[in-house]
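Single-structure report; data block below.
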Amino acid sequence: MGVPQAMEILTQRAALVRESLQKSQNVTENMVSILGSFDYRLSALETAMRPTQIRTHSIRRAHENIDKTLKAAESMLAQFDLTRKAEAKILRGPHEDLEMYLEAIDQLRSTNRYFTGNKNFKCNEAILIHTSNLLVKAISKLEDEFRQLLTNYSKPVEPDRLFDCLPNNLRPSSASSHHGDSGSKNNSDNHNKSLEAAVFIPPTLIPPRVLPLLHDLAQQMIQAGHQQQLFRIYRDTRASVLEQSLRKLGVERLTKDDVQKMQWEALEAKIGNWIHYMRIAVKLLFAGERKICDQIFDGADSLQDQCFADVTSNSVSVLLSFGEAIARSKRSPEKLFVLLDMYEIMRELQSEIETLFGSKACIEMRDSALSLTTRLAETAQETFVDFEEAVEKDATKTAVLDGTVHPLTSYVINYVKFLFDYQSTLKQLFQDFDASDPDAQIAVVTTRIMQALQTNLDGKSKQYRDPALTQLFLMNNIHYIVRSVRRSEAKDLLGDDWVQIHRRVVQQHANQYKRISWAKILQCLTVQASGSGGGSGDASSGLSRAMVKDRFKTFNIQFEELHQRQSQWTVPDSELRESLRLAVAEVLLPAYRSFIKRFGRPMIENGKNPQKYIRYSPEDLERMLNEFFEGKTFSEQKR
């Protein structure tokens, strides 16, 4: 194909393309024109529909408002109906059905909240006034119901019921519960261990089924803002009942003057009872009051604590005031043990007192109890010092004519024995004031008391005119002290050295007695001449017949005097008595036998009236020696 022909074909195709493009443009312009027409028509339609849309929206809103109004009216009518029913229940009072009555109060509060939150209602103010007045009446009736319910179920607890709540070993029938007799005091370590394992069961002060009702009533009164009325009702009712329970038990308010006027036996019994009362009050009555107080006022902590504090305040004061009166009364040695008993019970109850009276409202009672514990400890320590001084300075003129153990000695030793029954208490007491070893402190105190006693006995021994009786008196008393220490726990503290030293002291006094009593009479049986060592009574003895007779006469007179006097003396310990007789016999009898053999037989027995001079055989002397230190009266000796 030639070039011209190709060019023609291209020209034709280009013309076709231009024609197609032209047609496409015309179609586009026509479509734009059509669409523009649609837009105009739609705008016109929208403008025409707008009034209809507005009317439709208004109708819809009107329907919604009608629905809301109907619902509000229904709700209001429901509230009116509920209020009417609640009012009827309130007017009937809480006696018929307390639970329904409380629900009615809740409904009135709900109605109040409803109308308070819907302030547009025209009847709001009238309804609120009406429901508020009803609530005032309802709460007033609740107060009466709370008071009546609490009063009806609050009765004093009889002593027998309280005793049944105690562990067996602390019940009155066990005879160990009252500490009036200090002699019945058990070893304090075992006593404390038994108490640790003891179970105390607080009595039921208010029936459990009533407590939820009281709780609900209290909650309603608190919500109504009647806390003060609630507080006064509860305090006045429960405090009175608690005080009556304690009075039935035997608790009474005693002042320091009352205590000072009482005889010791009566006071000691009251102290024993007080210890019992304290344990019952804290572990049973106060614990029970705390329990019901917590249940009734559950959810109102401040009211719980304040009510409990005011209910127990006067009772605690009565109990502690007696302890204070004892602690501040005139000190005397016999009070030490009851002071330790009182200190011991306060220490025993300390953790429970801190738990029960742990709130801020109870701080005064808690501090008073702690103060009493401290005061008792101080008074006990001061009484210790007083006792030591009293022992050393005891100036009683009570003379023991027979040289036996002085009443002061037995009193002091028994006193010390009782002290060792309180070892754990004494250790605690010493630790309250001094951090050093309590065992060492007890040992020091005991040693000082023993030394004070010996100093006093030395003074009392000088009252005797017969120096032999002085030695016998000291021997008896020191021996009694040593024997008592060896048989008690005091030995562990004082030590073996103390015991051995004082045993030697006893022996020294025995030796002194023998020397003073028997040295002179033994001289009658002694020959001082150079030839006295041998023979059978010949001239080499240096003694004439007359001298021998005189020796026998002197011996008889002196021995009879000794027998008459010393048979009235007493050595109360049988072993010591036999030991002392044996010691005398071992010296006297061999000397007497030797003298009779050497001088009696050759010079006296062959003469006239030998029985006038040799009045006693060695066997007679031995028999008569066995009558020494028996404490016989003169008339008994004659028989």
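Here is how the numbers come out for the structure above:
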{"item": "Förster radius 60 Å - calculated FRET efficiency between R13 and T52 (Cβ-Cβ, nearest 0.05)", "result": "0.55"}
{"item": "Projected area, mean over directions - the stretch 153-372, Cα convex hull, nm²", "result": "12.3 nm²"}
{"item": "Formal net charge of residues neighbouring F357 (Cβ-Cβ distance under 12 Å; K, R +1; D, E -1)", "result": "-3"}
{"item": "In nm, spacing of pseudo-spin labels at I34 and Q260 (7 Å Cα→C-beta vector)", "result": "13.0 nm"}
{"item": "Computed P(r) (all Cα pairs; the stretch 446-497; 5 Å bins; percent)", "result": "4, 19, 26, 22, 14, 9, 5, 1"}
{"item": "Candidates per trypsin sites (Lys or Arg not before Pro) in the stretch 293-393, loop by DSSP, up to 15 other Cβ within 10 Å", "result": "K330"}
{"item": "Modelled FRET efficiency - R0 41 Å, D301 with S410, Cβ distances, 0.05 increments", "result": "0.10"}
{"item": "Residue-count net charge about L522 - beta-carbon cut-off 14 Å; Lys, Arg +1, Asp, Glu -1", "result": "+4"}
{"item": "Three-way shape label, the stretch 466-519, alpha-carbon gyration tensor, a/c 1.5", "result": "prolate"}
{"item": "Computed Rg/Rh of the stretch 223-266, alpha carbon atoms with Kirkwood Rh", "result": "1.32"}
{"item": "Residue-span extension gain [S579 to Q507] - 0.36 nm each, minus C-alpha spacing", "result": "24.9 nm"}
{"item": "Estimated Rh, the stretch 394-515: Kirkwood, alpha-carbon pairs, angstrom", "result": "15.3 Å"}
{"item": "Ordering of 509-522, 277-290 by packing [mean C-beta count within 10 Å, highest first]", "result": "277-290, 509-522"}
{"item": "Cα gyration tensor shape of the stretch 329-369, rounded if a/c is under 1.5, else prolate or oblate by comparing a/b with b/c", "result": "oblate"}
{"item": "For the stretch 394-402, Karplus couplings with θ = phi - 60° (6.51, -1.76, 1.60), whole Hz, Gly/Pro x", "result": "4, 10, 4, 8, 5, 9, 9, 5, 9"}
{"item": "All-pairs Cα distance distribution in the stretch 558-610, expressed in whole percent, bin size 5 Å", "result": "5, 16, 15, 21, 17, 11, 8, 5, 2"}
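A short reminder: the numbers here are calculations on the coordinates, not readings from a lab. Nothing here was measured: the structure is a model prediction, and the numbers come from that model. No Cβ is skipped: glycine too gets one built from the backbone with ideal geometry, and neighbour counts run over all protein chains shown.
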